Amino acid sequence: MAETEHHRLREVSLGDQRSLTIHRFGQPGARPKVYVQAGIHANELAAPLTAHHLADRLKAADEAGQVVGEILVVPIANPIGLSQVQSGEHFGRHDLETGGNYNRAFFDVSEAVLQAVMGRLGSDAAENTRSVRSAVLNALNDVTPRFAIDDLHIELQKRACDADIVLDLHTDSDAEMHLFLDPTQWPAAEDLASELGVEVVMLARASGSNPFEETIAAPYVAVHEAHGEDHPIDVPLTVVVELRGLADVSDELAGQDADALMRFLQRRGCLAGDPGAQPPFTGVAAPFEQTTFLWATAPGIVAFKKPLGAMVAAGDVVAEIIDVSAMATDGARTPVLAETSGKFFARSLTKLARPGQDIGKIFGTTPVEGRVGDLLSD
Ligand SMILES: [Zn+2]
């Protein structure tokens with residue numbers, strides 16, 4: 001039966017107590033285990049609203065005895081970021097105490113787990129997976145958090161680290177629905193993409209900065225790669241779901257997305273019930289490296305020349321940055337060109353540009369030559 005845990009986060013300022021709320025459905029310890037969190041970037045409000053709608057549906061399903069395993073929902077994964085308001089502006093993406101992006105620098109315990117299970121795995125995948133899960137939890141228990149953001153990270157990881165399916169709900173700035181997941185999970189995860197009506201699936205591993213979903217999968221991937229098929233384990237499905245953009249916050253969208261997640265969970269055997277026929281996947285899926293950014297090269301106000309979701313060709317003018325202090329005849333407009341052909345799937349909601357800022361993303365139809373550095377924008 002549904003239960004709600006309120007975990008007190010470490011107090012960092014006298015008299016200022018925060019807590020994590022964790023809804024649990026089904027039987028503790030039962031499989032499959034599903035973990036859903038929302039709003040580690042605390043300004044991405046479609047995520048917690050969707051989690052709220054999902055939790056309502058799961059509560060009803062639980063009362064009807066339809067939860068097969070165990071499902072955890074953390075509707076507000078970042079109460080610290082949710083509370084960060086200065087002079088009326090909300091800051092939910094970066095931690096004001098450390099400057100860190102809330103979805104970077106989670107704890108990768110792969111090395112400790114590899115050491116712990118070395119020579120101890122057999123041929124039984126279920127038994128091996130149990131050993132790895134317990135090594136992961138032990139390694140996380142050994143971490144001493146430094147700042148409040150670290151304490152938050154470790155508490156989230158402890159609850160997600162042994163799940164079969166992990167969904168991390170976000171939004172982009174202004175975007176179509178898209179997913180990030182490990183290349184080995186595609187096309188198996190087409191059921192999730194097609195239920196949600198996802199337009200773009202980015203296949204990524206080790207994007208360079210230890211976001212949540214990658215550090216949950218990392219120890220399992222490391223053990224799988226080190227031990228091969230002789231010592232099989234089950235690698236969890238960990239996915240970032242980008243629920244469109246910052247402004248796409250409504251009961252209608254959140255309800256629709258929660259319904260899609262319920263059908264996905266039914267299809268995966270986590271919930272009883274018939275999800276109906278699986279809709280076709282009509283989006284594009286390819287390595288994350290095929291994404292290119294649109295960079296601002298001048299200060300000014302951005303006017304997009306292509307609609308969100310448009311297919312563009314390399315060299316197309318996707319946006320113009322306007323120096324509104326100049327006359328149109330005096331070169332007031334700086335064009336921003338597509339570096340690659342592909343889908344213009346994400347762009348900046350704010351239209352004030354500074355040189356060096358990324359104002360949009362194109363998911364290329366071909367690999368991008370010379371792509372280097374971390375894959376995620378900060
Ligand atoms: Zn985010």
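None of the figures in this text is laboratory data; all of them are computed from the coordinates on show. On a predicted model such as this, the values are computed, not experimentally measured, just so you know. Here Cβ is always computed from backbone atoms with ideal geometry, including for glycine, and neighbour counts include all displayed protein chains.
When only alpha carbons of the range 36-107 are considered, Rg and Dmax amount to 15.0, 47 Å. Cross-link partners for residue 59 among the lysines, with Cα-Cα distance under 29 Å and sequence neighbours closer than 8 places in the same chain left out: 33, 158. Cross-link partners of residue 306 among lysines, defined as those whose alpha carbon lies under 29 angstrom from its own and excluding same-chain residues fewer than eight positions apart: 343, 351, 361. Put the Cα centre of the range 115-188 next to the Cα centre of the range 53-78 and the gap is 20 Å. Entry note, the chain: the mean residue ellipticity at 222 nm calculated from DSSP H runs of n ≥ 4, each adding -39500 (n - 2.57), is -8500 deg cm²/dmol after division by the residues and rounding to the nearest 500. DSSP loop trypsin sites (Lys or Arg not before Pro) in the range 136-227 with at most 14 other Cβ atoms within 10 Å of their Cβ, which ones? Here the sparse-neighbourhood loop sites are 146.
Counting only alpha carbon atoms, the long axis of helix 46-63 and the longest principal axis of the chain meet at about 30°. Using θ = phi - 60° in the Karplus curve 6.51 cos²θ - 1.76 cosθ + 1.60, the 3J(HN,Hα) couplings for the range 239-251 round to 9, 8, 9, 8, 7, 6, x, 4, 8, 8, 10, 7, 4 Hz; x is entered for Gly and Pro. Mean sequence separation of contacting Cα pairs (under 8 Å, at least six apart), scaled by the length of the chain, corresponds to a relative contact order of 17 percent.
Under a Gaussian network description of the chain, with springs only between Cα atoms under 10 Å, the residue in 262, 118, 327 that fluctuates furthest is 327.
Remark on the range 288-364: ratio of C-alpha radius of gyration to 2.2 N^0.38 Å is 1.05. Working from Cα pairs under 8 Å separated by at least six residues, relative contact order for the range 245-378 is 26 percent.
Per-residue Karplus couplings for the range 114-123, computed as 6.51 cos²θ - 1.76 cosθ + 1.60 with θ equal to phi - 60°, are listed in order as 4, 4, 5, 9, 4, x, 10, 9, x, 9 Hz, Gly and Pro entered as x.
Taking the Cα centre of the range 288-364 as the origin, how large is its charge dipole in debye, to the nearest 20, when only Lys and Arg (+1) and Asp and Glu (-1) carry charge on their Cβ atoms?
That gives the range 288-364 a dipole magnitude of about 240 debye.
Between 197, 241, 13, whose Cα lies farthest towards the positive end of the dipole of the range 3-282 when Lys and Arg beta carbons carry +1 and Asp and Glu beta carbons carry -1, centred on the Cα centre? Sorting the options by dipole projection puts first 13. Go ahead and set up a Gaussian network model of the chain, Cα springs under 10 Å, then flag whichever of 230, 56, 251 fluctuates most. Between 230, 56, 251, it is 230 that shows the largest mean-square fluctuation.
Using Cβ point charges alone (K and R +1, D and E -1), the dipole size of the chain about the Cα centre works out to roughly 240 debye. Only beta bridges with both residues in the chain are counted; by DSSP, about 65 percent of them are antiparallel.
Mean-square fluctuations from a GNM of the chain, with a 10 angstrom spring cutoff on Cα atoms, peak among 298, 55, 258 at 298. Determine the shape class of the range 1-152: with a ≥ b ≥ c the square roots of the Cα gyration tensor eigenvalues, call it rounded for a/c under 1.5, and otherwise prolate if a/b is greater than b/c, oblate otherwise. Oblate is the answer for the range 1-152, as a/c is 1.5 or above yet b/c matches or exceeds a/b. Selection among 143, 114, 303 by position relative to the dipole of the chain gives 303 as farthest towards the positive end (Cβ unit charges, Cα centre). Geometric descriptor of the chain, per residue, is 152 Å³ (volume of the convex hull of the Cα atoms). Could you give the longest part of the chain that holds none of the chymotrypsin sites (Phe, Trp or Tyr not before Pro) found in DSSP loops with at most 15 neighbouring Cβ atoms within 10 Å? It runs 148-378. If only the Cβ of Lys and Arg carry +1 and only the Cβ of Asp and Glu carry -1, the dipole of the range 210-306 around its Cα centre is close to 460 debye.
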